[in-house]
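Enquirer: Questions regarding the structure given below will be posed in turn.
Readers should treat all values here as calculations from the given coordinates under stated rules, not as data from a laboratory. For clarity, every value in this text was computed on a predicted model and none was experimentally measured. All Cβ positions, glycine included, derive from the backbone under ideal geometry; neighbour counts span all protein chains shown.
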Amino acid sequence: MLDINPVLLLATLGVFLLLIAVLNSWLYRPLLTFMEKRDEEIKKDLSKAGSNDSEIKELLKKAESIVTNAKLEAAALREKVIADAKELAESRIEAKKAALAKEYAEFESSLEKSAQELKKELLTDAPAFKEALQLKFKQI
């Protein structure tokens with residue numbers, strides 16, 4: 001049947017213990033050390049990510065404030081440009097009104113001169129009209 005050989009049993013036990021010792025020194029300890037280092041690096045990265053979140057939030061707030069300020073500056077600049085354009089347009093309108101008023105005054109004065117000249121012509125031609133009228137009445 002089954003024979004138990006003590007020498008073989010002790011040799012197998014020795015080889016098993018030697019294998020455990022070798023595996024422990026060559027495989028298990030480096031693997032555990034690597035896993036511990038990896039866990040520490042993951043924790044560091046998570047803490048950095050947490051601090052990055054707060055930095056990102058601060059940067060987003062700064063960006064929003066910059067955009068808000070830029071919008072306000074753009075609105076102010078737009079209002080200034082519109083006001084300047086209105087002022088320029090009003091000055092051009094006033095200049096055109098003044099030019100038109102001057103032209104109108106010149107037209108009125110020329111019209112008045114024409115009316116006076118016409119009156120003078122009519123007054124100079126009045127005796128001829130009187131004679132023509134008297135001739136017409138005599139013919140009737």
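Enquirer: Run the quick spin-label model on L100 and T124: label points 7 Å from Cα toward the beta carbon, then report their separation in nm to one decimal.
Expert: Calculated label separation equals 3.8 nm.
Enquirer: Same structure, new question: Identify which of the listed values of Cα Rg over 2.2 N^0.38 Å was calculated from the structure shown: (1) 4.00; (2) 1.24; (3) 2.11.
Expert: So the structure-derived entry is (1).
Enquirer: Could you give the length gained on full extension between D84 and K62, defined as 0.36 nm per residue of separation minus the Cα-Cα distance, in nm?
Expert: Difference between extended and current length: 4.7 nm.
Enquirer: In debye, nearest 20, what is the charge dipole magnitude of the chain about its Cα centre with +1 on Lys and Arg Cβ and -1 on Asp and Glu Cβ, if you could check? List each step's numbers first, then the result.
Expert: On the way: 23 positive and 24 negative charges, 106 e Å.
Taking the Cα centre of the chain as origin, the dipole is about 500 debye.
Enquirer: Using a Cα-Cα cut-off of under 21 Å, which lysines could be cross-linked to K44, ignoring same-chain neighbours fewer than 8 residues away?
Expert: Output for K44: K57.
Enquirer: While we're looking at this one, here's another question. Can you tell me the orientation of helix 29-139 relative to the chain, as the angle in degrees between its alpha-carbon axis and the longest Cα principal axis, to the nearest 10?
Expert: That works out to roughly 10 degrees.
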